[in-house]
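S.K.: Next up is a structure, given as structure tokens.
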Amino acid sequence: MEQQVMWQQLIKLVKHEVLPALGCTEPISLALAAATATQYIDKKEISHIDAYVSPNLMKNGMGVTVPGTGMVGLAIAAAIGAIGGDAEAGLEVLKNITQQQIEQAKTMLNEHKVNVQIANNNTAIYSEANIYTSHDHVRVCIENSHTNVILIEKNGEIIFKANNQKQDDPKDAAIIQLMSVKKIYDFASQADFADIEFILHSAELNDALSQEGLRRDYGLSIAATLHEQTKNGLLADDLLSKVIIRTTAASDARMGGATLPAMSNSGSGNQGITATMPVVVVADYLDATPEQLARALILSHTIAIYIHSKFPPLSALCAASTAAMGSAAGMAWLLGKGQYEPVNMAICNMIGDLSGIICDGASNSCAMKVSTSVSSGFKAVLMALNRIRVTGNEGIVCDSVETSINNLGAIVSNSMKATDTQIIDIMSHKA
């Protein structure tokens, strides 16, 4: 395939996968299904809501704060989505909710008018909202990706049904299967700046979220705690600490219900934050130009998409760890003055270090996993700059970075299925 054509397809894919998202994307998916359903009824007449979600979506929706509401869980997401959601806003479905609507949604919960259960569906991403009035019933189903509506049904009559349930995938999605780390590196290093300049918006959004996370207490206040310890002398105020603190602050804010959007990656705000902020911090440290920042960011985000394409969209693996492999590549590109070898080595070092960190549902503690992942990434880059990497004789790492990535993908797609089942069983039996 001619190189320029391939690069343009890759740009379209990145634009599809790197999008603004307000709140954790799993409860937001259910909120979007509910908002879509209420386009076909009078919102003032809603009597009750029955919702069904896949086990993985339940896992990632149980413990995370829904923006603006101060409440956690899928029930409030369904209620506020139905009452105040904007069905045309995609992952920003809750961006215009009002305090009055939030109070109405909370009243629905207090009156036990919202019920959320696990669906009999094996798809990783599935959310279904059934909205009832005294005389109408609208059912909306989303599947395969967080915004991919596959069915709209009113009173048993089909209003919309997708011919292809994966219709939300861009036509150029297959391009990622033709990629390699080296091809992505060449794309990021050589593409016209004008074609990739759009990725700088990820720095703007996620840095604003990071600043908000340091300005107020959100979630477990992990970043604020670490920042305080740099003042007390228990942590050095060095580049590593800045990478961890500024990245984790954005995750604190996002998981703690801040009403600012994150720029997501592969359907996850935390993945987008993790792919963005370490690169931004290193670029600030180096006083990099906007073009250098854009090239490092497009490398990071595309590598994150590439690695994530090797396993299911939701799994037992914390995907912040693989997004951090993207940001490790971006940091290595900046600190290694654009050379390829540090990029390659940094990814292999991370696979050797961080493989298997589990996802036990979206929650405030996700920010801890983000901090762990970016710390590993920075360490991996420092090793790579000294031409040190985990060798092909150790663990699942091979001499080839591509084989190493595929080995990780095989573990996540196969062996970790049992881990995922066990995690969901533990969480669903909590009191």
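The values are calculated or read from the model by the stated rules, or taken from the named source; none is laboratory data. Treat the numbers as computed from the prediction; the structure is a model and nothing was measured. Cβ atoms come from the backbone with ideal geometry, glycine included; neighbour counts cover every protein chain shown. Note: accessible area is taken over every heavy atom of the protein model, side chains too, but ligands, DNA and RNA are not part of it. Shrake-Rupley method; radii C 1.70, N 1.55, O 1.52, S 1.80 Å.
S.K.: Could you sort the peptides 204-210, 365-371, 329-335 by per-residue average Cβ neighbour count (10 Å cutoff), highest mean leading? Don't skip to the answer; put the middle values down first.
M.R.: On the way: 204-210: 22.0, 365-371: 24.4, 329-335: 29.4.
The peptides rank, most packed first, as 329-335, 365-371, 204-210.
S.K.: Same structure, new question: For region 329-411, report the % of Cα-Cα distances exceeding 19 Å. Write out the running numbers ahead of the final one.
M.R.: Values: 1355 of 3403 pairs.
Roughly 40 percent, once rounded to a whole number.
S.K.: With the cut-off at 1.5 for a/c, could you classify region 1-142 from its C-alpha gyration tensor as rounded, prolate or oblate?
M.R.: Values: a/c = 2.00, a/b = 1.86, b/c = 1.07.
Prolate is the answer for region 1-142, as a/c is 1.5 or above and a/b outweighs b/c.
S.K.: Among Ala384, Ala173, Ala87, which one shows the biggest mean-square fluctuation in a GNM of the chain, springs joining Cα atoms closer than 10 Å?
M.R.: Evaluated over the chain, the most mobile residue of the options is Ala173.
S.K.: With everything on Cα atoms, drop me the angle between helix 416-428 and the longest principal axis of the chain, reported from 0 to 90° to the nearest 10.
M.R.: So the inclination is approximately 40 degrees.
S.K.: Taking the 0 to 90 degree range and rounding to the nearest ten, how far is the long axis of helix 320-335 tilted relative to the main principal axis of the chain, both from C-alpha atoms?
M.R.: Around 40 degrees separate the two axes.
S.K.: Here is a follow-up. Which order do peptides 267-275, 111-119, 290-298 fall in by mean Cβ count within 10 Å, highest first? Write down the numbers at each step before the final one.
M.R.: Values: 267-275: 31.1, 111-119: 15.9, 290-298: 22.7.
Sorting 267-275, 111-119, 290-298 by mean packing, highest first, produces 267-275, 290-298, 111-119.
S.K.: Give, rounded to the nearest 20 debye, the magnitude of the charge dipole that the chain has about its Cα centre when Lys and Arg contribute +1 at Cβ and Asp and Glu contribute -1 at Cβ. Before the final figure, lay out the partial values.
M.R.: Working: 30 positive and 42 negative charges, 102 e Å.
Using Cβ point charges on Lys, Arg, Asp and Glu, the chain gives about 500 debye.
S.K.: Would you mind getting the Kirkwood hydrodynamic radius of region 126-248 from its Cα pairs, rounded to one decimal in Å? Let's see the in-between values first.
M.R.: Values: mean 1/r = 0.0509 Å⁻¹.
Final number for the Kirkwood radius of region 126-248 is 19.7 Å.
S.K.: Quote the accessible area belonging to Glu45 in square angstrom, nearest 10, computed with a 1.4 Å probe and with ligands, DNA and RNA left uncounted.
M.R.: It works out to around 80 Å².
S.K.: Find the Rg to Rh ratio for region 213-264, where Rh is the Kirkwood radius over alpha-carbon pairs and Rg uses the same atoms.
M.R.: Numbers: Rg = 11.1 Å, Rh = 11.1 Å.
A ratio of 1.00.
S.K.: Let me ask something else. Report the gain in length on full extension from Asp136 to Thr107: 0.36 nm times residue separation, minus Cα-Cα distance, nm rounded to one decimal.
M.R.: Extra length available between Asp136 and Thr107 comes to 8.3 nm.
S.K.: Quote the accessible area belonging to Tyr52 in square angstrom, nearest 10, computed with a 1.4 Å probe and with ligands, DNA and RNA left uncounted.
M.R.: Rounded to the nearest 10, the figure is 70 Å².
S.K.: In addition: Taking a virtual spin label 7 Å from the Cα of Gln229 along the C-beta vector, which residues in region 350-380 bring their backbone nitrogen under 13 Å of it?
M.R.: 368, 371-372
S.K.: Another question, if that's okay. What order do Asp217, Asp360 take when sorted by accessible area (1.4 Å probe), most exposed first? Provide the component values of the computation, followed by the final result.
M.R.: Values: Asp217 125, Asp360 65 Å².
Solvent-accessible surface, decreasing: Asp217, Asp360.
S.K.: How far apart, in nanometres, would the label points at Arg215 and Asn386 be if each is projected 7 angstrom from Cα along the Cα-to-Cβ direction?
M.R.: 4.0 nm
S.K.: Heavy atoms only, probe 1.4 Å: what % of the accessible area of region 284-348 goes to carbon and sulfur, would you let me know? Show your work: numbers first, answer last.
M.R.: Values: 870 of 1730 Å².
Exposed carbon and sulfur together represent 50 percent of the surface.
S.K.: Calculate, for region 171-316, the solvent-accessible area per residue in square angstrom, rolling a 1.4 angstrom probe over the heavy atoms of the protein chains. Walk me through the numbers on the way to the answer.
M.R.: Numbers: 5410 Å² over 146 residues.
With the other protein chains kept in place, region 171-316 gives 37 Å² per residue.
S.K.: Any chance you could look up the accessible area of His201 with a 1.4 Å probe, heavy atoms only, rounded to 10 Å²?
M.R.: 80 Å²
S.K.: For the chain, list log₁₀ I(q)/I(0) at each q in 0.07, 0.08, 0.13 Å⁻¹, using the Debye formula over Cα point scatterers of equal strength and ignoring solvent, two decimals each.
M.R.: At q = 0.07, 0.08, 0.13 Å⁻¹ the computed log10 ratios are -0.32, -0.42, -1.09.
S.K.: Taking the Cα centroid of region 211-260 and of region 64-115, what is the distance between the two, rounded to the nearest whole Å?
M.R.: 27 Å
S.K.: Moving on to the next point. What translational D, rounded to a whole number of µm²/s, comes out for region 228-371 from Stokes-Einstein when the hydrodynamic radius is the Kirkwood one over Cα pairs, at 4 °C and 1.567 mPa s?
M.R.: Values: Rh = 15.3 Å.
Taking Rh from Cα pairs, D becomes 84 µm²/s.
S.K.: If you wrap region 16-64's Cα atoms in a convex hull and average its projection over all directions, what's the area in nm²?
M.R.: 4.7 nm²
S.K.: In whole percent, what relative contact order does the chain give with Cα contacts below 8 Å and a gap of six or more residues?
M.R.: Details: 927 pairs, mean separation 73.3, N = 431.
For the chain, the relative contact order is 17 percent.
S.K.: Oh, and also: Whenever you get a sec, line up Asp353, Asp252, Asp192 from highest to lowest accessible area (probe 1.4 Å, protein heavy atoms).
M.R.: Details: Asp353 70, Asp252 5, Asp192 100 Å².
Output order, biggest surface exposure first: Asp192, Asp353, Asp252.
S.K.: So, in nm, how far is label Lys182 from label Gln8 when the simple model puts each one 7 Å beyond its Cα toward the Cβ?
M.R.: 2.6 nm
S.K.: Note down the nm distance, to one decimal, between modelled labels 7 Å out along Cα→Cβ at Lys337 and at Asn163.
M.R.: 5.5 nm
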